[in-house]
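Structure first, commentary second.
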Amino acid sequence: MMAARPQGEITRGTTNPNRLRRVDNWIAATLGDTLRESADPLVVDLGYGESPVTAVELRDRLVAAVRPDVRVVGLEIDPARVAAAAPVADPPGLTFARGGFELAGLRPTLVRAFNVLRQYEEAAVPAAWQTMAEALAPGGAVVEGTCDELGRLASWVVLDAAGPRTLTLAAKLSTLDTPATLAERLPKALIHRNVPGEPIHTFISTMDAAWRDAAPYATFGPRQRWLRTVFATRAAGWPILDRASRWRLGEVTVKWQTIAPSYLTNG
């Protein structure tokens with residue numbers, strides 16, 4: 001069968017070692033059971049960039065934390081990047097191929113697509129999400145998001161065949177000045193929607209106010225201040241998910257429908 005033509009555009013491809021450690025650790029902790037229960041624990045790292053380092057790290061982290069037979073396939077539209085990654089391939093656990101949002105005809109249980117859609121127009125997001133979700137194996141999920149160059153600020157959406165489910169914001173708390181800073185690294189679906197009248201703006205504003213109110217807890221360290229911020233945000237009525245054990249790591253996850261932008265909810 002002929003492989004589907006890659007869908008998408010060549011992106012800048014910049015990356016750094018450990019840049020995606022926050023999302024990788026979250027995937028292992030939160031979506032690990034999805035991979036453990038899968039008959040074929042296939043993972044696609046879509047758009048790994050000029051260096052395959054983050055694909056290598058993803059495979060290593062999932063093997064160590066989830067199951068040893070995880071298979072990671074790094075996909076890139078640029079054939080030169082696929083060729084450059086070949087020396088670090090370790091089949092069957094780690095391979096590289098040419099592909100885009102159509103996922104090269106693969107049926108993965110999990111897709112990680114980071115810092116890819118950030119370089120597209122906002123209007124391209126719904127179609128890209130749908131294309132990836134339709135290629136998933138039953139019960140599979142896509143983790144699509146963005147982060148800064150060092151991985152200190154990050155955010156990601158989890159979506160499946162039924163659509164987006166959650167948004168997670170994550171930060172290195174020792175360097176976080178305010179939750180509002182996370183707005184700079186929102187996924188493409190949200191980054192232009194952090195304006196008055198949009199739910200994501202209200203959510204981040206609520207967190208920012210709670211962070212200011214929790215300033216006295218900074219005496220006990222940024223982790224305690226962040227915990228108080230998340231507790232206060234939840235008390236304000238936001239459907240915060242996960243547990244304090246995840247919040248302590250500088251994460252907060254909220255149900256998608258409560259922060260979804262109007263252009264994705266109103267058609």
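How large is ³J(HN,Hα), in whole Hz, for each residue of the range 244-258 in order, when computed from phi with the Karplus curve 6.51 cos²θ - 1.76 cosθ + 1.60 and θ = phi - 60°, using x for Gly and Pro?
4, 4, 7, 4, 4, 8, x, 10, 8, 10, 10, 5, 4, 4, 7
Skipping prolines and chain starts, which residues have an amide H placed within reach, meaning under 5 Å, of the one on Ala135, given they are 5 or more residues away or on another chain?
none
Set the Förster distance to 41 Å, then compute FRET efficiency between Phe231 and Arg5 from the Cβ-Cβ distance, nearest 0.05.
Rounded to the nearest 0.05, the efficiency is 0.25.
Going by average Cβ neighbours within 10 Å, how do the peptides 156-165, 83-92 rank, with the highest at the top?
Final packing ranking: 156-165, 83-92.
Under a plain spin-label model, where a point goes 7 Å from the Cα along Cα-to-Cβ, how far apart in nm are Arg212 and Arg67?
About 4.9 nm separates the two model spin labels.
Can you tell me the dipole magnitude for the chain around its Cα centre, using point charges on the Cβ only (Lys, Arg +1; Asp, Glu -1), in Debye to the nearest 20?
The dipole magnitude comes to about 740 debye.
For a paramagnetic label modelled at 7 Å from the Cα of Gln130 toward its Cβ, which residues of the range 151-180 fall within the zone defined by backbone nitrogen distances under 15 Å?
Within reach of a label on Gln130: 160-164.
Over the chain, with every protein chain in place, what whole percent of the accessible area is carbon and sulfur at 1.4 Å, could you tell me?
Carbon and sulfur together cover 52 percent of it.
Rounding to the nearest 10 and keeping the result within 0 to 90°, find how far the Cα-based axis of helix 21-30 lies from the longest principal axis of the chain.
Computed tilt is about 90 degrees.
Restricting to the chain, compute how many DSSP beta bridges are antiparallel as a %, nearest 5.
Details: 21 of 40 bridges.
Around 50 percent antiparallel, to the nearest 5.
Limiting things to C-alpha atoms, what are the Rg and the maximum Cα-Cα separation (Dmax) for the range 103-214, in angstroms?
Cα-based Rg and Dmax for the range 103-214 come out at 15.0, 50 Å.
Leaving out ligands and nucleic acids, and using a 1.4 Å probe, what accessible area per residue does the chain come to in Å²?
Per residue, the chain has an accessible area of 44 Å².
Roughly how far apart, in whole Å, are the Cα centres of the range 158-179 and the range 1-67?
First find each Cα centre; the distance between them is then 17 Å.
Between Thr178 and Asp40, what is the label-to-label distance in nm when each label sits 7 Å out along the Cα-to-Cβ direction?
Placing both labels 7 Å along Cα→Cβ, they lie 4.9 nm apart.
Once both axes come from the Cα atoms, what is the angle between helix 53-65 and the longest principal axis of the chain, in degrees from 0 to 90, rounded to 10?
With rounding to tens, the tilt is 80 degrees.
Taking the chain as the reference, fit the longest principal axis to its C-alpha atoms, fit the long axis of helix 222-235 to the helix C-alpha atoms, and give the angle between the two in degrees, 0 to 90, nearest 10.
So the inclination is approximately 80 degrees.
For Thr14 and His192, what is the calculated FRET efficiency with R₀ set at 25 Å and r taken between the beta-carbons, to the nearest 0.05? Walk me through the numbers on the way to the answer.
On the way: r = 21 Å, r/R0 = 0.86.
My answer for the efficiency is 0.70.
Given Phe114, Gln130, Thr95, which one lies farthest toward the positive end of the charge dipole of the range 71-149, if we put +1 on the Cβ of every Lys and Arg and -1 on the Cβ of every Asp and Glu?
Final value for the positive-end residue is Thr95.
For Ser262 and Gln119 in one chain, what is 0.36 nm times their gap in residues minus the Cα-Cα distance, to one decimal in nm?
Gain on stretching Ser262 to Gln119: 49.4 nm.
Assuming 1.567 mPa s and 4 °C, estimate D for the chain with Stokes-Einstein, Rh taken as the Kirkwood radius over Cα pairs, in µm²/s.
Using the Kirkwood radius from Cα pairs, D works out to 69 µm²/s.
The values are calculated or read from the model by the stated rules, or taken from the named source; none is laboratory data. Bear in mind that the values here come from a model prediction, so they are computed numbers and not experimental data. A quick note on method: Cβ atoms are made from the backbone with ideal geometry, for glycine too, and the neighbour counts reach across all protein chains shown. Remember, those area values only see protein heavy atoms, side chains included, never the ligands or the DNA or RNA. Shrake-Rupley method; radii C 1.70, N 1.55, O 1.52, S 1.80 Å.
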